[in-house]
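Novice: Below is the structure I would like to discuss, written out as structure tokens.
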Amino acid sequence: MSSLRIGPLAYIGNQNLPGKLAKAVAVVTTIHDEYAIQPWIAHPNKSKESCVLCALTVRDFLQRVGFKDARVRSVTVIIKARKGGEDIHSLGVGTPHDREVAPGKWAGHLVTTVGGFLIDTTLAPWKRPAWPDLPEMIVMQMFEEMNHRPALPPGQLWPIAAVRADEDDGTEIEFVYLDRPENQSWKDKTQGGDSDKQRRRAVVDALVKRFGPWRG
């Protein structure tokens, strides 16, 4: 499995990113800088905790520069740390049992997918002492999709991307994205308004301008 680091973003996959997508991903690393200067933003780091806003921005940007298969996808994320055979910390985001969230928040997580890759630009709030090397953004190669998935037991979700890392101190980190297509309430504009296209228009335009022409 190969890995690549572009500023705050890490790529993990079994193959190199295609050239045009690699350029687009490099542009995506500036998304939070662009949001930090928007006049309406609540504070400079607000976009780092706004998965709906950022996933839709990345999708719109990718579609504008020619990736017509770019989509957003509702997921659950599980991160676990084990050491000496014992769990030392875990985190679940967008899990089915999530019920109560802060006002203006959504009980889920949204990412962007394109050409068999998953892009998530909002990992910053998940930093923990148990996994200090977690990047702020990630691109992961997804598992090959099945035309017909076998039925899972109730309460289980289908994994679509995952990575395992062994730290120098013996800690094992598991990081898994699970498909949760039924969780579409992010479209409700009363939940913070991050799905409002007007909020992301200026940043999408800025990313497209930075990408420029493609001469691959």
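The values are calculated or read from the model by the stated rules, or taken from the named source; none is laboratory data. Just so we're clear, the structure is a prediction, and the values are computed from it rather than from any experiment. Glycine also receives a Cβ, built like all others from the backbone with ideal geometry; neighbour counts cover every protein chain displayed.
Novice: Test P96 against the criterion of being buried (at least 16 other Cβ atoms within 10 Å of the Cβ), over 17 Å from the mean Cα position of the chain (by Cα) and either modelled with pLDDT of 95 or more or more than 15 Å from P135 (Cβ to Cβ) (or both), and give yes or no. Walk me through how you get there before you give the answer.
Specialist: Details: buried (at least 16 other Cβ atoms within 10 Å of the Cβ): yes; over 17 Å from the mean Cα position of the chain (by Cα): yes; either modelled with pLDDT of 95 or more or more than 15 Å from P135 (Cβ to Cβ) (or both): yes.
Yes.
Novice: Moving on. If I ask for residues that are polar (S, T, N, Q) and within 13 Å of V139 (Cα to Cα), which ones from the range 17-49 would you list? Spell out how you get there, then give the answer.
Specialist: Taking the range 17-49 first, the residues polar (S, T, N, Q) are 29-30, 38, 45, 47.
T29, the sole residue that qualifies.
Novice: Pick from the range 85-101 the residues that are part of a strand (DSSP E or B) and free of Cβ contacts under 8 Å to residues at least 12 places away in the same chain: which of them is farthest from T112 (Cα to Cα)? Before you say what the answer is, go through the steps one by one.
Specialist: First, pick out the residues of the range 85-101 that are part of a strand (DSSP E or B): 86-93.
Filter once more, keeping what is free of Cβ contacts under 8 Å to residues at least 12 places away in the same chain: 86-87.
Numbers: E86: 33, D87: 30 Å.
Top of the filtered list is E86.
Novice: Let me ask another. Counting residues that are within 16 Å of P125 (Cβ to Cβ), which helices (runs of 4 or more DSSP H) fully inside the range 1-84 reach at least 3? So that I can check it myself, show each step before the final result.
Specialist: Details: elements: 19-28, 31-36, 51-64.
Once the helices (runs of 4 or more DSSP H) in the range 1-84 are filtered for at least 3 residues that are within 16 Å of P125 (Cβ to Cβ), what remains is 31-36, 51-64.
Novice: Shifting gears a bit: Among the residues that make up the range 60-82, is at least one of them within 17 Å of F175 (Cα to Cα) and more than 19 Å from the chain's Cα centre (by Cα)?
Specialist: Yes: one or more hits.
Table: residues versus (1) in contact (Cβ under 8 Å) with a residue 24 or more places away in the chain; (2) surrounded by fewer than 20 Cβ atoms within 10 Å (Cβ to Cβ); (3) closer than 12 Å to R200 by Cα.
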residue: Y11; (1), (2), (3): yes, no, no
residue: A26; (1), (2), (3): no, yes, no
residue: T29; (1), (2), (3): yes, yes, no
residue: A42; (1), (2), (3): no, yes, no
residue: S50; (1), (2), (3): yes, no, yes
residue: L53; (1), (2), (3): yes, no, yes
residue: V58; (1), (2), (3): yes, no, yes
